[in-house]
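Student: Before I ask anything, let me first share the structure, which is written out below as structure tokens.
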Amino acid sequence: MVGPMDSPRDIPRDGLVTFLPHRLNRHPVVVRGLTADELWVCAGLSAGAGFVAGVPLAWLTHSIAMVPTLIVVGIGIGVFVGGGLLRRYKRGRPDTWLYRQLQWQLALRHPALAAHVGGGQLITRSAWWATRRQRPGRHATRVAAAPPAGPTAHSDRRAIP
């Protein structure tokens, strides 16, 4: 059975597909507006913060169980808070904006490290745009007309001795 888009007159002559899904190559949102890659980064940083906070607390309380407990609590808080902040920060921007922003920050702050993550291809130089209209040319040097010799309505009417 031939559907409405399957008739021979609806297929373009060059063989191109007339319909492509809009979000075909986007990463799926996993949790709180984070994609899988962003979730791993957020969870890893939160786990590191939980570990750093858990080691001194485990030493003070003499309980080694404080380290994994604070790691899990840190991941939960980090994903909840970090997901909300990143979702707000990324709103209305292209899908690759966050990765390009991180590459750009690395290229500005750590140029040697930026070459390994693709930041060496980014333009990091900033300067004023110039149209070169300020450059003197043949006709750019015009002499202004001399003011009238006598007193004018705008000049002081006192005589100069």
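Student: Of all the residues that make up segment 95-117, how many are under 28 Å from P28 (Cα atoms) and assigned to a loop (DSSP other than H, G, I, E, B)?
Tutor: Residues that pass the stated criteria total 4.
Student: Let me ask something additional. When you check A49 against the structure, is it modelled with pLDDT of 80 or more and loosely packed, with under 12 Cβ neighbours inside 10 Å, yes or no?
Tutor: Judged against the criteria, A49 is not a match.
Student: Give all pairs with beta carbons closer than 8 Å in which a residue from segment 24-52 that is more than 15 Å from G76 (Cβ to Cβ) meets a residue that is assigned to a loop (DSSP other than H, G, I, E, B) and modelled with pLDDT under 85; count only pairs at least 6 apart in sequence or on separate chains.
Tutor: Note: pairs meeting the criteria are R26/D95; H27/D95; T35/H27; T35/P28; A36/H27; A36/P28; D37/H27.
Student: State which residue is surrounded by the most Cβ atoms within 10 Å (Cβ to Cβ) when the search covers only segment 1-39 and only residues that are out of contact with any helix residue (DSSP H, G or I) (no Cβ under 9 Å at 6 or more places or on another chain) and either at pLDDT 90 or above or acidic (D, E) (or both).
Tutor: Out of the qualifying residues, it is D10.
Student: Given the residues W97, W104, W128, which is the only one that is modelled with pLDDT of 75 or more and either closer than 17 Å to D37 by Cα or acidic (D, E) (or both)?
Tutor: W97 is the lone residue from the list that is modelled with pLDDT of 75 or more and either closer than 17 Å to D37 by Cα or acidic (D, E) (or both).
The values are calculated or read from the model by the stated rules, or taken from the named source; none is laboratory data. Since we're looking at a predicted model, the values are computed, not measured. A quick note on method: Cβ atoms are made from the backbone with ideal geometry, for glycine too, and the neighbour counts reach across all protein chains shown.
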